[in-house]
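Here is the structure we will look at, set down as structure tokens.
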Amino acid sequence: MRVDAKDMGADLEKVLITKEEIDAKLAELAAKIDAEYAGKDLLIVGVLKGAVMVMADLARALSTPVTMDWMAVSSYGAGTQSSGVVRILKDLDTDIKGRDVLIVEDIIDSGLTLSWLINNLGSREPASLKVCTLLRKPDAAKVAIDVEWVGFDIPNEFVVGYGLDYAEKYRNLPFVGTLAPHVYGG
Ligand SMILES: O=P(O)(O)OC[C@H]1O[C@H](OP(=O)(O)OP(=O)(O)O)[C@H](O)[C@@H]1O
Ligand SMILES: Nc1nc2[nH]cnc2c(=O)[nH]1
Ligand SMILES: [Mg+2]
């Protein structure tokens, strides 16, 4: 049986960003990224699992030929609070020394995951290392990280959909939204 947004509808509080808004924003970001990396051999690195949808749609919006690799790290358990500990669950397959690397994220919240990733990948001596994220929350300002391309600055609410989960659910919603309190047991 196909599970669509309607089946998860009762769990949702509101839609924050529609599929159409996401598509338009990714086209805008892709044009800027194309301009930045014209004539270069770009490697885009998706941060599993959340960034799967952004990677897939951003990659297809780009005109620049890219190669794609994936890293899986986790700083969150089953809930909504960062544990503060970043673990590598899957490392890159690619040696990035001398490569132009773009990290693609779904969200920057505490900034913990990204600052750890920038240090880790930066130490592998890429030619350049930049970041594109679809979403960014206000707390990200507390950590000193440069993010070149941001889709949407959103309020400090726990969001799901378009790759983002709550206890591994809701990743396949085509939009970004917030959950009704009953889902959290409220
Ligand atoms: O800025 P931060 O506070 O570090 O949060 C952002 C990170 O948290 C989420 O991943 P998570 O660790 O939940 O893994 P997932 O992508 O597999 O859901 C999200 O995909 C980002 O990678
Ligand atoms: N699903 C989800 N994961 C996150 N990881 C960090 N912030 C968030 C958030 O708002 N939603
Ligand atoms: Mg998560």
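The values are calculated or read from the model by the stated rules, or taken from the named source; none is laboratory data. Nothing here was measured: the structure is a model prediction, and the numbers come from that model. Here Cβ is always computed from backbone atoms with ideal geometry, including for glycine, and neighbour counts include all displayed protein chains. What goes into the accessible areas is simple: the full protein's heavy atoms, side chains included, and nothing from ligands, DNA or RNA. Shrake-Rupley method; radii C 1.70, N 1.55, O 1.52, S 1.80 Å.
Nearest 10 degrees, 0 to 90: what angle lies between the long axis of helix 52-61 and the longest principal axis of the chain (Cα atoms)?
Roughly 60 degrees, rounded to the nearest 10.
Quick check on the chain: of the DSSP beta bridges with both residues there, what percent are antiparallel, nearest 5%? Provide the component values of the computation, followed by the final result.
Values: 12 of 36 bridges.
Among the beta bridges of the chain, antiparallel pairing accounts for roughly 35 percent.
Compute the accessible area per residue over the chain, keeping the other protein chains in place, probe 1.4 Å, unit Å². Walk me through the intermediate numbers first.
Values: 9140 Å² over 186 residues.
With the other protein chains kept in place, the chain gives 49 Å² per residue.
At R0 = 45 Å, how high is the FRET efficiency between ARG124 and ALA27 if r is their beta carbon distance? Nearest 0.05 is fine.
Efficiency computed from Cβ-Cβ geometry: 0.90.
About the Cα centre, and with charges only on the beta carbon of Lys, Arg (+1) and Asp, Glu (-1), how big is the dipole of segment 104-157? Nearest 20 debye, please.
Using only the charged Cβ atoms, the result is roughly 140 debye.
Note down the nm distance, to one decimal, between modelled labels 7 Å out along Cα→Cβ at THR18 and at SER63.
Reported label-point gap for THR18 and SER63 is 2.8 nm.
Below 8 Å, C-alpha to C-alpha, sequence gap of six or more: please give me the relative contact order for the chain in percent.
Numbers: 348 pairs, mean separation 47.5, N = 186.
Worked out over the chain, it gives 26 percent.
Summing Lys, Arg as +1 and Asp, Glu as -1, what charge do residues with Cβ under 11 Å from the Cβ of MET55 carry, MET55 excluded?
Overall, the nearby charge balance is -2.
May I ask which residue of ALA144, PRO126, VAL73 lies farthest towards the positive end of the charge dipole of segment 5-184, with charges of +1 (Lys, Arg) and -1 (Asp, Glu) on Cβ and the Cα centre as origin?
VAL73
Counting only protein heavy atoms and using a 1.4 Å probe, what share of the accessible area of segment 5-184 belongs to carbon plus sulfur, as a whole percent? Don't jump to the answer; show the numbers that get you there.
Details: 4420 of 8490 Å².
Carbon-and-sulfur percentage of accessible area, whole number: 52.
Where nothing but the Cβ of Lys and Arg (+1) and of Asp and Glu (-1) is charged, how large is the charge dipole of segment 5-184 around its Cα centre, in debye to the nearest 20? All intermediate terms of the calculation are to be shown ahead of the outcome.
Details: 19 positive and 27 negative charges, 45 e Å.
The calculated dipole for segment 5-184 is roughly 220 debye.
Rounded to the nearest 500 deg cm²/dmol, what is the calculated helix-only ellipticity per residue at 222 nm for the chain, with -39500 (n - 2.57) per DSSP H run of length n ≥ 4?
Only helices count here, giving -7000 deg cm²/dmol.
Using a ≥ b ≥ c from the Cα gyration tensor of the chain (square roots of the eigenvalues), is it rounded, prolate or oblate, where a/c under 1.5 gives rounded and otherwise the larger of a/b and b/c decides, a/b for prolate?
On the way: a/c = 1.89, a/b = 1.44, b/c = 1.31.
Verdict is prolate for the chain.
Would you mind checking the radius of gyration and Dmax of segment 14-74 based on alpha-carbon positions, in Å?
12.6, 42
State the extension gain, in nm to one decimal, for the chain segment bounded by PHE152 and LEU92, taking 0.36 nm per residue of separation less the distance between their alpha-carbons.
My answer for the length gained is 18.9 nm.
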